[in-house]
Each structure stands twice: as structure tokens, then as C-alpha cells.
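Worksheet: one structure, shown below.
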Amino acid sequence: MSMENPQSGVRLPVWGVARWMGAAMLGVLLLAGAIALVRDESGVLGAGVLALVVVLMASLAGLSVLATASERPAGSWGVVLLIAQGVRMIGGLAIALLAYFAARPEPMVFWMIFLAASMAVLAGEVSYVIRWIRLHTRRTPEEPA
């Protein structure tokens, strides 16, 4: 019995991940717009937009980690995904703190939209990658167990 993984290396389709992350961000964008309409205060829309820009910048950093990763068996992309998520989350928090102290946006809206967008991006990223890994690790009927 061999312990080697017989799967050939594959590249993660980064554009697929980006589309799922973008779809999640669109949902949060709609939430931010609804909050801006309900809370007719100055600075609410700007705080929401700033939070979304921060998450977008952090998401690009995470996607760059995924894009620069070399080919590997589909089942071993989980570690690379965790590294990319760590870069995105820690980088996003650092950028958010800098943006918050530099721009002084409305705190409740800024942090709520930042956290909601970060969670939405995480959910989109993980759901796409899990589906992709399962699709590429299925055994064909003629393949021995």
C-alpha cells in the first residue's frame, strides 16, 4: 500500500474564488446601502464605503497568496487557503485600524460593515474552495479504492 497521493497537481481557479467573494461582498454592499438609507446621518455612507474598500484591499492580498501558490493535489489546497485567509484577516484588520484612526468614520457603521463584509468574504471563499476540492477529489467508478 503506497502512501503517495496519485492525484496530479492542479491550480486553484482564483477567478472562481474571486467571483464567490464578490457575490458575498455585493450582499454586504446592499446591506450598507440599506443602513445608509435608514440612518440619515452624515458620514454613514462614507463609513460603509470605507469599510468595504478595506475588505476589498484585504481580499486582494488573500487572492494574491492563492494566485501565487504552485500546483498541488486538490486535497492539499486547504493549507494554502488557511494561509490566504490569515493574510486577508490580519491584513484587513491592520488596514481597518489604520483607516479608522486616519479617517475617523462613524464607528458603529464602519466596524459593522467591516465585520459583515469580512465574514461574507470568508463564507464565499470557503464554500467555493470546499466545492472545488470535493469535485476534484472524487474517485471515478473505474478507479480502485
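All alpha carbon pair distances within the chain were sorted into 10 Å bins beginning at 0; the resulting P(r) in whole percents reads 11, 36, 26, 15, 8, 3, 0.
Amide H contacts under 5 Å for Val10: Arg72, Ala74, restricted to partners 5 or more places along the chain or on a different chain, H placed in the peptide plane at 1.01 Å from N.
Per residue, the chain exposes 60 Å² of solvent-accessible protein surface, assessed with a 1.4 angstrom probe and all protein chains in place.
Site pair Arg131 and Arg11 shows an inter-label distance of 2.2 nm when each label is modelled 7 Å from Cα along Cα→Cβ. The spread of Cα positions in the range 52-115, taken along each principal axis and listed from longest to shortest, comes to 45, 17, 14 Å. Largest to smallest in accessible area, the residues Leu82, Leu97 fall in the order Leu82, Leu97 (1.4 Å probe, all protein chains included).
Split the accessible area of the chain by element, probe 1.4 Å, and carbon with sulfur accounts for 70%. The charge dipole of the chain, taken about the Cα centre with unit charges on the Cβ atoms of Lys, Arg (+1) and Asp, Glu (-1), comes to about 140 debye, rounded to the nearest 20.
The values are calculated or read from the model by the stated rules, or taken from the named source; none is laboratory data. All values derive from a computational prediction rather than experimental measurement. A quick note on method: Cβ atoms are made from the backbone with ideal geometry, for glycine too, and the neighbour counts reach across all protein chains shown. To get the accessible areas, we keep the full protein, side chains included, count just its heavy atoms, and leave off ligands, DNA and RNA. Shrake-Rupley method; radii C 1.70, N 1.55, O 1.52, S 1.80 Å.
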